[in-house]
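The values are calculated or read from the model by the stated rules, or taken from the named source; none is laboratory data. This is a predicted model, so every value here is computed, not measured. Here Cβ is always computed from backbone atoms with ideal geometry, including for glycine, and neighbour counts include all displayed protein chains. Heavy atoms of the whole protein, side chains included, go into the accessibility calculation; ligands, DNA and RNA do not. Shrake-Rupley method; radii C 1.70, N 1.55, O 1.52, S 1.80 Å.
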Amino acid sequence: MQETTGALILAAGRGTRMPSPRPKALQTLLGESMLALILEETAKLSGLAGIWTLVGHQAELVRAEAERAAAALPPSRADAPRIFCIEQKEQLGTGHALMTALPEMAGQAEFDRLLVLNGDVPLLSAPLLARFMQEAGDCDLAFLSLELPDPGAYGRVVRDREGRVRAIVEAKDYDPALHGADPHEINSGLYLIRRGTAESLLPRLSSDNRGGEYYITDLVKLAADEGLDARGILLPAGDGGEALLGANTPAELAEAERLLQKRRVRELLEGGVILHAPESIRVSPLAEIETGAELAGPCEISGRSIVRRGAVIASHCVLRDAIIGEDCRIHSFCHIESARVEARCLVGPYARLRPGAVLEEDAHMGNFVEMKKARLGRGSKASHLSYLGDAEIGPGVNIGAGTITCNYDGTRKHRTVIGAGSFIGSNTALVAPVELGEHTLVGAGSVITRDVNAGELAVARSRQVNLPRKK
Ligand code: UD1
Ligand code: CA
């Protein structure tokens, strides 16, 4: 029978080398937290019994992000893994992390092997994870290693003359007199461990080391000393080893983000996306840009954004969880979040679509227009200087410059409805709740507080008086 695997993401640590009030796993690359990136790739693996995130330091924040990211995973496959969180109340090291997690995991699902990932190795990709698991085969314990010219703060892989793994020795504890000349092979922090092996060796871990912590890496020596099959799987040079770099410090995080940005740009170009100034195009791995779309940098596209073929996004736009339909044109300096723009719309420059905004096909939204929880119907136009919030605007409507939906009365939000083919004169205030029927006409400068029936003209402003000037 096929072996099953439980994946554990270690994200409970303090992250003392990242001097930020935000937990390390929540630091972002291209707009996504490290934890979300790792969850995304792990969830692509098939045949997982579950994915557990270990939280501890600032547990509630990390748990909330794990839950948010899990809920935002792409629509589930038949065998999508279940996702859980476990709390490590005291952070006594990566070995202690495993001691804490394993019994709880075992209570929640059946699995034969454990895949353990560090929550601060954000560039790991699903293909690399799958390849590692394949190469690890059925050994008792495997870890992925890498050769680095400068092994820095990473754990050192110690092998015997025959090349068999003997131990991983942490940088702090490495002593050339004891362990031999400092090797360049380092531990990437990715492990596949047979559950029985973990259960029998974990009680033997000790914290008698320079860090005073229980190290997961000590399992390697324990396994090797027992004569178990412990393997260090060395990723060959030039084989994408940068995907294994840890992001422990601001400098490492910036470097990881730079590498991810380069990787993403390469993927987009290979996928037939036209890019201008690619070095300043920041597209998250979660966002999908279709073949034949066109982007100009600088720009930022993150979350579950989708840009369909033929759409053109000019420079200086920020998109998050935005859907941009075919052949749309988004001019410069637009900000679009959790909103949908259907095919052939024109947007911006300087337009802001907030959550729940929808532009139906062929709509136009011009400069300094803001929309929130509002729908602009097919072919409708709001070309200048407007706020449309909590509004339902039918097709073929013209919203004059300076139109404002007054949706908030100080306590509650109210809706504005504008029927098809209506024309709203410039500088109109629509005091919600208010409903305008189809083909209504509103005189410029009106303050509309009452409903307008279909086909009516409404003018709500004081009549102009022209008097002779006093001499
Ligand atoms: C670890 C490895 C090191 C390896 C490196 C690769 C150990 C002892 N060392 O070092 O061999 O080269 O990763 O990146 O494992 N964590 C917990 N609970 C804890 C402590 C840590 O969940 O009690 C989590 C952290 O949040 C982090 C991960 O475990 O995501 C690794 O911990 P970290 O302190 O970053 O280990 P490194 O020193 O980088
Ligand atoms: Ca680390």
Hey, rough spin-label estimate for Gln2 and Arg82, points 7 angstrom out along Cα→Cβ, what's it come to in nanometres? 1.8
Specify, per residue and in Å³, the volume enclosed by the convex hull of the alpha carbon atoms belonging to the stretch 272-407. 69
How much solvent-accessible surface does Tyr350 expose, in Å² to the nearest 10, with a 1.4 Å probe and all protein chains in place? 100
Return a whole-number percent for the relative contact order of the stretch 349-453, with Cα pairs under 8 Å and 6 or more residues apart as the contact set. 18
Given backbone amide H placed at 1.01 Å from N, residues whose amide H is under 5 Å from that of Glu392, ignoring those fewer than 5 places away on the same chain, are Arg375, Thr416, Val417, Ile418
Here the relative contact order (percent) of the stretch 5-244, from C-alpha pairs under 8 Å and at least 6 apart, is 23
What shape does the stretch 9-109 have by the C-alpha gyration tensor, where a ≥ b ≥ c are the square roots of the eigenvalues, rounded means a/c under 1.5, and otherwise prolate means a/b greater than b/c and oblate the rest? oblate
Sort 41-48, 419-426 by the packing proxy (mean of other Cβ within 10 Å over each peptide's residues), most packed first. 419-426, 41-48
Would the stretch 205-275 count as rounded, prolate or oblate if I go by the C-alpha gyration tensor, calling it rounded below 1.5 in a/c and otherwise prolate when a/b exceeds b/c, oblate otherwise? oblate
Expected sort for 116-124, 287-295, 328-336 on mean C-beta neighbours within 10 Å, highest first, is 116-124, 328-336, 287-295
Among all lysine pairs in the stretch 260-458 that are eight or more places apart or on different chains, how many have alpha carbons less than 19 angstrom apart? 4
Extension gain from Arg22 to Asn453, taking 0.36 nm per residue of separation minus the Cα-Cα distance: 149.8 nm
Cα-centred dipole magnitude for the stretch 29-118, charges only on beta-carbon of K, R (+1) and D, E (-1), debye, nearest 20: 100
Mean Cβ-within-10 Å packing, highest first, puts peptides 173-184, 312-323 in the order 312-323, 173-184
